[in-house]
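Enquirer: Here's a structure for you.
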Amino acid sequence: MRRLAAVLLLLTLAACGAGTGGGGGGDEVREPWSATPQPKPAITADADTIVLSCDDTGVRVPASPAGLTPAGTFARLDSLTRPHKVEGRIWSDNDERMYVGVVCGARTAEQFATLVARSTLTAYQGKPALRWTTRTGVRSFMWLERPGTAVYIGATPGLADDIRSIAADIAFTA
């Protein structure tokens, strides 16, 4: 069923041009998508960014998103159906947490669509994306940026509205 959904999503995106997200859910996280994707300017390494990577693809994230305090790293996502290389950072503000990372390994939309059970398949800037809420209440969003590199953003309910702005602040290097 997921494979069919992924194929249908890709065909729909191809027919409509660049993606406009879909999917329902009343209290779910809204997809941080835009109707017209804007190219990201090249970002040079500095003290204001952190680079997370899958092989030769680097993902630059703000060193302190939304004024949050660094709170550690993570190398695993319990929501994944299979083990994958994960590299991520955690930021906090009191009891609220923001997670940003990369998940390495999924090379096709079909592989990506099966990474998280009970997720909603959608699109972000014309790319396949998944959104879900964990058992612990973390709102999660992930998109397949390039073959082999997916970007993950998760937040506790108090920071869930910041997912959209964090996604917009992420840039890529080859």
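The values are calculated or read from the model by the stated rules, or taken from the named source; none is laboratory data. Values in this document were obtained by computation on a predicted structure and should not be read as measured data. Here the Cβ is made from the backbone with ideal geometry for all residues, glycine too, and neighbour counts use every protein chain on show. All accessible areas refer to the heavy atoms of the entire protein, side chains included, with ligands and DNA or RNA removed. Shrake-Rupley method; radii C 1.70, N 1.55, O 1.52, S 1.80 Å.
Enquirer: Only one residue in R164, R131, R139 is among the basic types (K, R) and at pLDDT below 95. Which one?
Expert: Just a single option satisfies the conditions, and that option is R164.
Enquirer: So, one more: State which residue pairs qualify: first residue of a type outside the set (A, V, I, L, M, F, W, C) and assigned to a loop (DSSP other than H, G, I, E, B) and inside segment 45-71, second residue surrounded by 13 or more Cβ atoms within 10 Å (Cβ to Cβ) and modelled with pLDDT under 90 in any location, beta carbons under 7 Å apart, and separation of 6 or more residues or different chains.
Expert: Going by the 7 Å Cβ cut-off, the qualifying pairs are D48/P62; D48/A63.
Enquirer: Kindly provide the set of residues from segment 128-142 that are touching a residue at least 24 places away in the same chain (Cβ under 8 Å) and not β-branched (V, I, T), ordered by number.
Expert: Residues satisfying the conditions are P128, A129, R131, W132, R139, S140, F141, M142.
Enquirer: Which one is surrounded by the most Cβ atoms within 10 Å (Cβ to Cβ) among residues in segment 38-60 that are at pLDDT below 50 and not small (G, A, S)?
Expert: Here the answer is I43.
Enquirer: Which condition number does P128 fail, the rest of (1) surrounded by 19 or more Cβ atoms within 10 Å (Cβ to Cβ); (2) closer than 17 Å to S165 by Cα; (3) of a type outside the set (S, T, Y) being met?
Expert: Result: P128 passes all but (2).
Enquirer: Among the numbered criteria (1) surrounded by fewer than 22 Cβ atoms within 10 Å (Cβ to Cβ); (2) under 13 Å from the mean Cα position of the chain (by Cα), which single criterion is violated by G137?
Expert: For G137, the failing item is (2).
Enquirer: Could you list all residues from segment 100-119 that are under 25 Å from T173 (Cβ atoms) and open to solvent by 50 Å² or more (accessible area, probe 1.4 Å)?
Expert: Within segment 100-119, R107, T108, Q111 qualify.
Enquirer: Go through R107, R76, R89 for me and flag whichever is among the basic types (K, R), closer than 22 Å to T57 by Cβ, touching a residue at least 24 places away in the same chain (Cβ under 8 Å) and assigned to a loop (DSSP other than H, G, I, E, B).
Expert: R107
Enquirer: As an exercise: evaluate A155 against (1) under 20 Å from I50 (Cβ atoms); (2) surrounded by fewer than 20 Cβ atoms within 10 Å (Cβ to Cβ); (3) modelled with pLDDT of 95 or more; (4) of a type in the set (G, A, S) and give the number of the one condition it does not meet.
Expert: Result: A155 passes all but (2).
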